[in-house]
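The values are calculated or read from the model by the stated rules, or taken from the named source; none is laboratory data. Everything numeric in this text was worked out from a predicted model, so none of it was measured. Positions of Cβ are backbone-derived with ideal geometry, glycine not excepted, and every protein chain shown enters the neighbour counts.
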């Protein structure tokens, strides 16, 4: 039996690192400002910045967003995150490097990011509830929503990975 790649998967892999398609912030500045406002809210919501970077990295890995993985790994490093933990995010379940609260947030991030597959399973939700107060859980959900939005914009319009420089 011979298997061949579908035309869509062959095209996707051949064009993944192509030229930037569109600078969405210039094309739709109001939409970009709305997304930035949500980002500012999440940054100031009271959740630990280290936790937010883990969430952003996990969703970005899941969504295949090289630009966002580059950005958030740089930001996490600058804020003191270890290389070991950054590299382990895609395989966090198999490592002892994350706290129970971080593990609950990573599992919740995965479920919300892949919500079309099975929703947010009760066990994942219940574990998140055990580690996050009501407002924190609502804010964690917003953090996942926001990074998924950035991922979709950056992947769709091919924001060039490696072009991010952390503000001083």
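Conditions (1) in a helix (DSSP H, G or I); (2) surrounded by fewer than 20 Cβ atoms within 10 Å (Cβ to Cβ); (3) free of Cβ contacts under 8 Å to residues at least 60 places away in the same chain; (4) under 18 Å from the mean Cα position of the chain (by Cα), marked per residue:
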position	(1), (2), (3), (4)
98	no, yes, yes, yes
123	yes, yes, yes, no
128	yes, no, yes, yes
135	yes, yes, no, no
141	yes, yes, yes, yes
144	yes, no, no, yes
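Scanning the stretch 53-71 for residues that are under 9 Å from the mean Cα position of the chain (by Cα), in contact (Cβ under 8 Å) with a residue 60 or more places away in the chain, in a helix (DSSP H, G or I) and within 19 Å of residue 165 (Cα to Cα) returns 56, 60, 68, 69.
Restricting attention to the stretch 49-74, the residues being closer than 14 Å to residue 113 by Cα and at pLDDT below 95 number 0. When the residues of the stretch 81-96 are filtered to those that are part of a helix (DSSP H, G or I) and out of contact with any helix residue (DSSP H, G or I) (no Cβ under 6 Å at 6 or more places or on another chain), which remaining residue is farthest from residue 130 (Cα to Cα)? Once the filter is applied, the top-ranked residue is 83. If you check 23, 75 for being exposed (fewer than 12 other Cβ atoms within 10 Å of the Cβ), touching a residue at least 24 places away in the same chain (Cβ under 8 Å) and over 19 Å from residue 132 (Cα atoms), only one passes: 23. The residues listed here are 46, 18, 119, 30; of these, the one that is surrounded by fewer than 16 Cβ atoms within 10 Å (Cβ to Cβ) and at pLDDT below 95 is 18. Here residue 33 passes the criteria (1) within 12 Å of residue 140 (Cα to Cα); (2) assigned to a helix (DSSP H, G or I) except the one numbered (1).
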